[in-house]
Amino acid sequence: MNLSFKDLRFIIEAIEHQINAYQERLQVIEDVDEDEAADIGNDIKFLELLLADMTTSLAQNTGREKIAYEEALSESLEVTFAEWETSEAMTAEEACKRSRVISDQTLE
C-alpha cells in the first residue's frame, strides 16, 4: 500500500487520539476491572508501536519526496543551462518557462 503524506498524517493523528482515549478509560477503570485494564494497556502498547512505525514511515516518505523533487529540479536546471549555452538568444523568462516545463515532466 502506498500512502500519501496526508494519509499518513491523518492515520498518525487518529492513532494519537485513540491512545489518549484509551489512557483516559484506563484511569477510570484501573481499580475496577483488572481484565479490561490489562486489555486496554496491551492495546495502548500496540498503538504506541504502530505510531512509531507510522511516524518513521512518514519521515522516510517525506525525505524521499524531497530528494526526488531536488533531483528533478537539478536535472531540469542542467538541461536548461546546457540549452542556454548553445542557444543564441534566450531571455531569463524563456529559461524559467523551459525549466518549469522540464521540471513538471520529470515529476510526472
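Here, each number is a calculation from the coordinates, and none is a lab measurement. Computed from a predicted model, the values in this text were never measured in an experiment. Here the Cβ is made from the backbone with ideal geometry for all residues, glycine too, and neighbour counts use every protein chain on show.
A compact table of results
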quantity: Nearest-0.05 FRET efficiency for R25 and N2, computed from C-beta distance (R0 35 Å); calculated: 0.55
quantity: Sites A38 and F10, calculated FRET efficiency, Cβ-Cβ separation with R0 35 Å, nearest 0.05; calculated: 0.75
